[in-house]
Amino acid sequence: MAKWFERIDPAVPGAINSRVRLVRNCKEYVFPSRLSDKDSEIMVHRLEQGLRNVGEVDGKDYHYAYLREIKELDKKILRERRILNSTIAAKKTPAGVFISEDEESSIVLNGTDHFRIQLLSCGNHLEELWQQADRLDDYINERFAYAYDQKYGYLTSYPTNTGTGMRASVILHLPTLSLGKRFQGMVMEMSRFGAVIKGVYGTGNENYGSLYQISNLKTLGTTEKEILDRVNKVSEQLLAQERQIRRMTMEKRGLECEDEAYKSYGVLKYARRLAAKEAMIFLSQLMSGINDGILKLKEPCSIYRLMLGIQPANLQKLSDHPLGKEELEVARATYLRAELPEMLE
């Protein structure tokens, strides 16, 4: 079965993927940070037994694993694919995870909260993801009573998640808009609308690949529908501005954009060594060239899949021995040469 990040959704170019995440806690247990190892072990086993037929909800095949039995390299891969966050991946106390075969759905048991329900999809499908998450949520709540307060909503380990316990996010490709002088001011301005914008790769003002995550700022005092509407509205506004500026850029500097796209394809297709930063930049430029209609590939190709594929843990997984920095750069170039389709003449 194809993974969600291998799929392509051409409906809204620029919307790379979307995610809905719910956190919940059992009424009868204290938060994970206060559970002893023994109680954690008992609880995780009980939760796993209670949810072993979770595939009945959506017809998916789920695999279950205790977190401490997953190899460190595989944990890093799950982090790169956004199934685990750094805190959960580093957790030493008992925890477990259900993952659907397509990696679209996952449920982490006893991470930072007792339940972390997550749905992922290519493109922007927040409404559909919320419906799927809601069904999983109901399935779990039928078996385990949640910690809930009439005034504050769902009680969570972190106060910032209290309320709906929901985070909705969309990752956008904003290669032109993000270069503008007003972009950082725009990022600050969006907080007034209850949204947070942050770069996905890189640190500080550097964001390799021009991918930006838009998510809700708060979960308390708002409804799930309001959260979805807010994230969708901000995402649509940003994409509309990106398209407008991109059209103007193509009109004024069309040859330069064309040259950039073809050069990026050439480097990615024929390079023998590539650092992560430069590979992400070239992949971003390639994505722009494809969306602009400059480049056409012989086969459909998810550029985001390639962006995930060139991350260190994924490359290490493909190797039969530990890779040093230079070896990683060689492996990255080899991977891209093999996975990037030929271009139509």
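Only the coordinates and a few stated rules stand behind these numbers; no lab work does. Note that the structure is predicted; figures quoted are calculated from it, not measured. Note that each Cβ is placed from the backbone with ideal geometry, even for glycine, and that neighbours are counted across all protein chains shown.
Please find the FRET efficiency linking residue 151 to residue 181, where r is the Cβ-Cβ separation and R0 is fixed at 45 Å, and quote it to the nearest 0.05. Don't jump to the answer; show the numbers that get you there.
Working: r = 44 Å, r/R0 = 0.98.
Here the calculated transfer efficiency is 0.55.
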Pairs of alpha-carbon atoms within less than 8 angstrom and 6+ residues apart define the contacts here; what relative contact order does the range 4-241 have, in percent? 26
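Which net charge results when you count Lys and Arg as +1 and Asp and Glu as -1 among the other residues whose beta-carbon is under 13 Å from that of residue 259? Spell out each step's value before the answer.
Details: positive: 253, 263; negative: 256, 258, 260, 292.
Net charge around residue 259: -2.
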What are the ³J(HN,Hα) couplings of the range 292-307, residue after residue, when phi is run through the Karplus curve with 6.51, -1.76, 1.60 and θ = phi - 60°? Round to Hz, x for glycine and proline. 7, x, 6, 10, 10, 9, 5, 10, x, 8, 7, 5, 5, 4, 5, 4
Can you give the angle from 0 to 90° between the axis of helix 126-143 and the longest principal axis of the chain, with both taken from C-alpha atoms, to the nearest 10? 20
Specify the angular offset, from 0 to 90 degrees and rounded to the nearest 10, of the alpha carbon long axis of helix 37-50 from the longest principal axis of the alpha carbons in the chain. 80
If you find the alpha carbon centre of the range 202-275 and of the range 12-82, how far apart are they in angstrom? 30
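What does the net charge come to around residue 198 if you take all other residues with beta carbon closer than 13 Å to its beta carbon, with K and R at +1 and D and E at -1?
Details: positive: 167; negative: 206.
The answer is 0.
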Extending each Cα 7 Å along its Cβ direction at residue 101 and residue 277, get the distance between those two points in nm, one decimal. 4.2
Once you've got the Cα coordinates, tell me which of 269/298; 233/296; 277/325; 198/218; 92/218; 198/233 are over 19 Å apart. 233/296; 92/218
Considering only 316, 333, 285, whose Cα is most displaced toward the positive end of the charge dipole of the range 254-339, charges sitting on Cβ of Lys, Arg (+1) and Asp, Glu (-1)? 316
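Please work out the FRET efficiency for the pair residue 320 and residue 58, using the Cβ-Cβ distance as r and a Förster radius of 51 Å; give the result to the nearest 0.05.
Numbers: r = 36 Å, r/R0 = 0.71.
It comes out at approximately 0.90.
How much net charge surrounds residue 241 when only the other residues with a Cβ under 15 Å from the Cβ of residue 241 are counted, with Lys and Arg +1 and Asp and Glu -1?
With Lys, Arg at +1 and Asp, Glu at -1, the net is +3.
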Using a 10 Å cut-off around each Cβ, can you sort 24, 305, 52 from fewest to most neighbouring Cβ atoms? 52, 305, 24
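Assign unit charges at the C-beta atoms only (+1 for Lys and Arg, -1 for Asp and Glu), then state the dipole size of the chain relative to its Cα centre in Debye, rounded to the nearest 20. Mind dumping the intermediate values first?
On the way: 50 positive and 48 negative charges, 192 e Å.
For the chain, the charge dipole is close to 920 debye.
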Among 50, 202, 245, the residue whose Cα sits farthest towards the positive end of the charge dipole of the chain, when +1 is placed on the Cβ of each Lys and Arg and -1 on the Cβ of each Asp and Glu, is 202
